[in-house]
Structure formats: C-alpha cells, structure tokens
Amino acid sequence: MSRLAVPKTYKLYIGGAFPRSESGRTYEVLAADGSFLANAALASRKDARDAVVAARAAVSGWSGATAYNRGQVLYRIAELLEGRRAQFVAEIEETEGVTRAAASAQVDEAIDRWVWYAGWADKFAQVAGNANPVAGPYFNISVPEPTGVVAIVVPQDSSLLGFVSAVAPALVAGNSVVAVASERFPLSAISLAEVLATSDVPKGVVNVLTGSPAEIAPWLASHADVNALDLVGAGALDWVSLEIDAADTLKRVLRPESGPDAAAPALGRIAAFTETKTVWHTKSLR
Amino acid sequence: MSFLDYAPAPESRAILSLRDSYGLFIDGEFVDGRGEPFQTISPATEERIAMIANANAADVDAAVAAARRAYDRTWSKMSGRDRGKYLFRIARLVQERARELAVAESLDNGKPIKESRDVDVPLVAAWFFYYAGWADKLDHAGLGANPRSLGVAAQVIPWNFPLLMLAWKIAPALAAGNTVVLKPAETTPLTALIFAEILQQAELPAGVVNIITGAGDTGAALVGHEGVDKVAFTGSTGVGRAIAKQVAGTDKKVTLELGGKAANIVFDDAPIDQAIEGIVNGIFFNQGHVCCAGSRLLVQENIHDEVVDRLKSRLSTLRLGDPLDKNTDIGAINSREQLERIRALSDIGVAEGAERWTAPCDIPENGFWYAPTIFTGVQTSSRIAREEIFGPVLSVLTFRTPAEAIAKANNTPYGLSAGIWTDKGSRILAVADQLRAGVIWANTFNRFDPASPFGGYKESGYGREGGRHGLGAYLSPAPIGQSSASRGALGAASTAAIEADAPAPAKRSRVAKPARTAKTTTKGSKR
C-alpha cells in the first residue's frame, strides 16, 4: 500500500527563522511539466526591509569572526549539503525538468564551490592586501574588509548552483547577504536555507527572499542600509534603474551576467564586496 | 614687535613664464576652445592670471577622438617598458621644473608655497616615478597574467590639489596602457596647462594625454561621452552621485574619490605635543581644503580643556597671508563661492549652539580668506559635525570610552579617513579595525605616498588610488583562456567577475541592456 507524502511548506528565511511573507501572499511554483509543486512565499517590501535589518545585525559578528572560523563554517555548509544530495537532486529534477545526471552535476558543482570559497576565507586578505613601502618612517599596510550588507539578485535560470555561486563569495570576507532567489526555481534556495539554519552560519548572515525580483529588487537597491548590490541575475529586469537607485547611497554594484558561467568562481567576486583599508603608523625608537 | 613678526619672504614669480591665454591641449597641441573663454584668478589678490579656453561638447568629442586614436595606433601597442620610460621622463621633468610648478600652484590655488613646494610637487614627481616602474610589470598587479588596459579614461579632478590630483589620475592610467582626457577644475587650470608643456618636452606621443578646461558642463560631457571606457572622479559626493547615475547601464568602469568628515580621535594617553601638531596638520593643512581632513576632533573628555587650550595657543602662532611668502602657514580660500560656503556653515554652527573661537590674525584686504576656527560644545547632530565644510574649521566633540569614540567616528555617511592618537599600540590596532574608513593614520595625519592606497568606504566613494590597488583600477583581467595559472581580480568594485582556478568556467557574456543600449553601440575599436 502506497504511503501518502507529507509536502513541505516553503517559507522565507530571515534572521535565522522561517517566516511566511508578512503580506500573506504566495505564488504557485510549477514543475517543468506544468504540474503544481508548492506555494512559495511572495515576499513584500516589508519582508525585504526585515531581511536588511537582520543582515545588518549580523554584520559585526560575522565580520568579526576569525577568517579561520568563517572558512570552517562555510566548509560545513558543503558537508551538510553533501549529506542531503539526494533531496536536492530530486528537487532540481522536478523543478527544472532536467535529467538525474544533470541535476546531480549541478549539486556536485554547488558543493564544490562552497569548498572552493571556504578555502579562500583565511587567504584572501593575504592575496588582496599588502605592506606598502612608503617614503618615510611609517608602518603601512593595506587589508581588505567586508563592505557590509550585500543584496543579491541571484541567477534566475538555476535552482541551486546560481544561488550558491552568487551568495558564497559575498560571505567569504564577512559580509551578510539578502538574496532574492530565482523566481521560477525558488525551492532549492529555501531548502538550502534549511541547510544554513542547521549549519553553523549565524542567524541573519544569509537571508532568502522568494517572489518577484522585479517587485523586491528596487526596495533593496534604494535601501540606505544596503552597502552593495549584485545584479548578476537581474538581466531581465530594468537593472539600469536599479543601478541608478543604488547610486543614491553610492552602493558598490555588480552588473548582470548571463550564460552558463554567470557568477563563475572568481577572486574578483570576493574583492567586489570588500573595501581596502590602509593603516599608517609612525615608527620611532622614542 | 613679537617673535612672530618676520620680514616678508616672498618666493619670486620671475621663474614663471606664463602666457596671457591658454588653449585646450588636444592631440599634442594647444588649440582654441569653442566655448566662451574664462579667466583664472589668484584667490589671494583676485587678479587675473590668464585667460583659459572653455571646451564645449565638440571640443570634448575632439579630445576623446584624439585619445582613442592614440590608444589604437600608439599607446596600446607600445611595450610596457617604453610606456614606463615616458613616465620616468615626465617624473624627471616635473622635478626639473618643480619650483616653477610650485609657484604657479600657489598663485592659482592660494595654498602656501611651503606646501606646494614641499608636499604637492614632490608627490607629483613621486607618483609618476612610482607608476613608471609598474608599466612593464602589470602581470604582478593582482589581476593575473596579461591584464588589459581599459581604453580611454575620462578624468575629472578638483581644485584643492590641482597638480597632485592630475598625477594621481594620469600616472596609473598611462602605466596601465590607457589614454587620457583630463579636465582640471575651473578655478585651478594653470598647472595642468604647464604640465601639458612638460608632456611636449617629454615627447609623449600626441593624443595620449589630452587636457581640456572648462566648468561642470564640460566635465559632465566628458564623463557621459560614449567613447569613454573609464571614469575617474575626485570631488564632492553630490557630483559623484550624479556621475554614478550617469554611467549606470554602460560598460564604463568607475572610481570615485568623494567627500569626507574624518574623525581624529585623541585618547588621554596620547603623545600630546605630537597630537596637537597632528590635529593642526589634520584640519588646517591646505586651508582645510582636503577631502580626508580631520574635521571632527574627538577628544577624551578628561583632556578636552587642555587640548583645546593648547590648540588655541598653537593656532595663534599660525601666519595667514600671501601664499607665495615662505613663512605663510594659512593661504587663501580657493574661491569666493567656497568662502561663502565656509561662512554659511560656520554661522549655522553658532546658530546651533556651538561656541566659535577664531584665531587672531589680520585678514588681507583683497582676496578670499578665513581665519583658523574652532568650534567647541558641538553636538553630533549639528551640521558642522555632519557636513563637509572643506575649510579651516574644526569641530570638537568629546568621548569617554573607546567604544563611544568608535561609535561617534563611524556615525557619518562618509568613510574616507580617520586618525587615532594614543601611546597604546594594542588600542590603535583594535580601534583601527573598528573604524569604517579607507585610510587610518595612527599618531600621524594627512600622510600621502604613491605606494599607499587611498580611497573611501560608504559615501566617500569606491576604488582606490595609489599603490598596486590604484593600478588595478585601470586594468581588467585577461579574457578567459588568455591568462595563466595565477588569476584573480582585485580591481574596482564595478568590475565584472572573472574566471579563476576553480570549477567550471567556459565563456561568459554580458546580458544585453534594456533602455540604454544605444549609448554603448558605437564604440568601434574598444578593447
């Protein structure tokens, strides 16, 4: 006798909790064949603002953690994801309508990217910073520091890999993130949030909004407490207006990318959300 | 007669051989501008120095076209070694003509000759010398092997360090292989035009550097020009914001060095003699016309009275007057407009309840002057604690604990610089970690060096100038598949991601832009 399945309610992920949208709205997520999969939360302006508040509150703890610690926390995400491979493969197969092999490849790649970026956490500053030989009796050193709160419109044509590729590099240096998931494929992002919630990632470091990027992104682009805006997955939106909105508070902006290599692993993605701080100190025997 | 009364010791103007009028420097030649010429005056006397050409949109077109030709035909094809040699030549010519440049700078800008002679011009030479050596070593700039120049750089600079800002912009741009169209500030074009003569002496190929003079509309036309690949701007946050909007939706890379409201934090164990000198240097250097000026003094409460008394006594010895006099400490305010802004904000300080103290000094009859001023009893909410005054005006606030000092220092949308004064090394490093600012000076202030990256957090802009980081702002990583093993982009914030030694990459493409597509379709030979 076949067993009746227990379907999951997909909600938002804000400040380490899984609330429904405060607006009470949901939208239907359909499988590739058009059949009903789930009602995902349709996030509102208020949800976006709540997510920014949670992200801001998380900045000092996450950026203040040692780089070694951040590396271990990011690596642990890969460990947990590995243990839940089957769940993600099945979810991707269903939502994207791809073969098991393709879904497996996507999950493998996502796990490997967490591992790659985890390894950068305690090395990036060595590569991006340096001592400066100034002409005078001064100790002078430049180091990269996290920018703060990064809002990301993740790649829209991928369930898991696009999300990981955009979110992981922003976390390496100690930023916290508000990510707008793929509108069509939002389920893996929320399942990943469950991984994050049960890993060692502090609450608020990653916040996930599902719904309409066209509706949510303008509120994030114009939010004065957001420091940087990654438009990697915003190519189909009016992203020029988003970049213009972001200029009001001089946010750091990454422009859209497309194709299979959107948000490909790169040191530049870590660097884009850091600020170089240069400290001078006098030298003296007295 | 007090010990402070010295005989006048003016630097001679005879070293200058100025023309009555200057044209635009386009494609290696001085040409007439098509806009209405304007005069540049000495802010110390209000006398005309020379007439200056005014570039209109057609002139901007011509300058950008010249830069593009020079990029395509000459500069992008030249070896890094030869580009470096041109930059070394320029550095040497600046040193040879250093006194002339210093006199011209003080005349046109109003800053004391001892600053233009001992700070501005030596740093200009140092900047070219430093970046000259980078030109054939770009593989080590931090972007992987074979990084690419960007093309034509549009550079708009302010009036506070006219020639130094020119060097900060031109030296890394040329070292990286870009060509340049630079617009000096309307009130301080003189040294840029003498610099153009130096480029002729250096036999720099025509069109590699073009210098066009004019006002804000000339700058806007240059920044918005579709033939430009890179925009570098130093100036106010307001204009920087407008530029960020103007370039949105284009492929232009941007670096912005904008305003500041730096906190200079003095703990009660600070080396007090050095701290007093550092506070004075921090806010009264260059009449306070410094984006990274230490305009907010945060002093620990128990030493507030002592520090303020000693500051007043020190400021009473500063000599205000003729910028060309070698004994002058405080020169002229650069323009009437700036003087009025300083006056207006100071009056607001009084109206908001702060106590104003002004150093006793004679103000010359002509020209624009503002005596060194201290405000005490300043509230964090006061406009003189929040807004950039860009003049010789210091706002004094107090704190009790390090945590309070950090909170107050960071309580600003700006984040360019900060100072820390204490004898305790561990406290310096801990406080420096917590300050959200791009340059931190510990037991010193307002130090600059071509090897040291400079630039802001938050609304003080993005990108760095100086050092290896400053070079990266004029480069992009090699296209995928054309770089070697060591990769990684450490450039400005607006770079697109590049590939790395990581899983996956193959080919990438930018999404076609909605709306503004037309703007970027006619770039022809770009990249």
task = Inspect all residues belonging to region B:162-172 and state whether any of them is part of a loop (DSSP other than H, G, I, E, B) and within 23 Å of B:T234 (Cα to Cα).
result = no
Unique match (being modelled with pLDDT of 95 or more and closer than 17 Å to B:D139 by Cα) among B:R447, B:R436, B:R464, B:R468 = B:R468
In region B:298-307, residue farthest from B:D120 (Cα to Cα) [restricted to those that are out of contact with any helix residue (DSSP H, G or I) (no Cβ under 6 Å at 6 or more places or on another chain) and crowded, with 20+ Cβ neighbours inside 10 Å] = B:Q300
remark   = All-but-one check, B:A385 against (1) modelled with pLDDT of 95 or more; (2) surrounded by fewer than 19 Cβ atoms within 10 Å (Cβ to Cβ), failing number (2)
ask   = For region B:320-360, how many residues are over 27 Å from B:S382 (Cα atoms) and either of a type in the set (V, I, T) or surrounded by 15 or more Cβ atoms within 10 Å (Cβ to Cβ) (or both)?
value = 10
task = Scan region B:425-477 for residues that are polar (S, T, N, Q) and touching an Asp or Glu at 6+ places or on another chain (Cβ under 9 Å) and jot them down.
result = B:N443, B:S460
ask   = Does at least one position in region B:394-404 carry a residue that is among the β-branched types (V, I, T), away from chain A (no Cβ under 12 Å) and over 27 Å from B:N302 (Cβ atoms)?
value = no
key: Complete set of residues in region A:234-286 that are facing chain B (nearest Cβ under 7 Å) and basic (K, R)   = A:R252, A:R255, A:R269, A:K277
ask   = Hey, does region B:354-370 have a residue that's in contact with a Phe, Trp or Tyr (Cβ under 9 Å, 6 or more places away or on another chain) and within 25 Å of B:T237 (Cβ to Cβ)?
value = yes
ask   = Within region B:203-237, restricting attention to residues that are in a loop (DSSP other than H, G, I, E, B) and in contact with a Phe, Trp or Tyr (Cβ under 6 Å, 6 or more places away or on another chain), which residue is surrounded by the fewest Cβ atoms within 10 Å (Cβ to Cβ)?
value = B:L204
query = Only one residue in A:Q156, A:Q126, A:Q87 is within 12 Å of chain B (Cβ to nearest Cβ), within 18 Å of A:V29 (Cβ to Cβ) and polar (S, T, N, Q), so which one is that?
reply = A:Q156
ask   = Do we have any residue at all in region B:369-376 that's crowded, with 24+ Cβ neighbours inside 10 Å and either closer than 30 Å to A:S284 by Cβ or not aromatic (F, W, Y) (or both)?
value = yes
query = Just for region B:244-289: of the residues that are of a type in the set (K, R) and touching a strand residue (DSSP E or B) at 6+ places or on another chain (Cβ under 8 Å), which one is farthest from the other protein chains (Cβ to nearest Cβ)?
reply = B:K261
remark   = The correct count of residues that are part of a helix (DSSP H, G or I), touching a residue at least 40 places away in the same chain (Cβ under 8 Å), of a type in the set (G, A, S) and within 22 Å of A:K46 (Cβ to Cβ) in region A:190-222 is 4
query = Which one of these does A:G129 not meet: (1) over 14 Å from A:S188 (Cβ atoms); (2) crowded, with 17+ Cβ neighbours inside 10 Å; (3) within 18 Å of the chain's Cα centre (by Cα)?
reply = (3)
task = Kindly list the number of the only condition in (1) in a helix (DSSP H, G or I); (2) farther than 30 Å from B:T444 by Cα; (3) in contact (Cβ under 8 Å) with a residue 40 or more places away in the chain; (4) within 14 Å of another protein chain (Cβ to nearest Cβ) that fails for A:E94.
result = (4)
inquiry  = Yes or no: region A:185-202 includes at least one residue that is more than 7 Å from every other protein chain (Cβ to nearest Cβ), closer than 26 Å to A:E91 by Cβ and over 17 Å from the mean Cα position of the chain (by Cα).
reply    = no
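The values are calculated or read from the model by the stated rules, or taken from the named source; none is laboratory data. As the structure is a prediction and not an experimental result, all values here were calculated from the model. Neighbour counts are summed over all protein chains in view; Cβ atoms, including those assigned to glycine, are modelled from backbone coordinates with ideal geometry.
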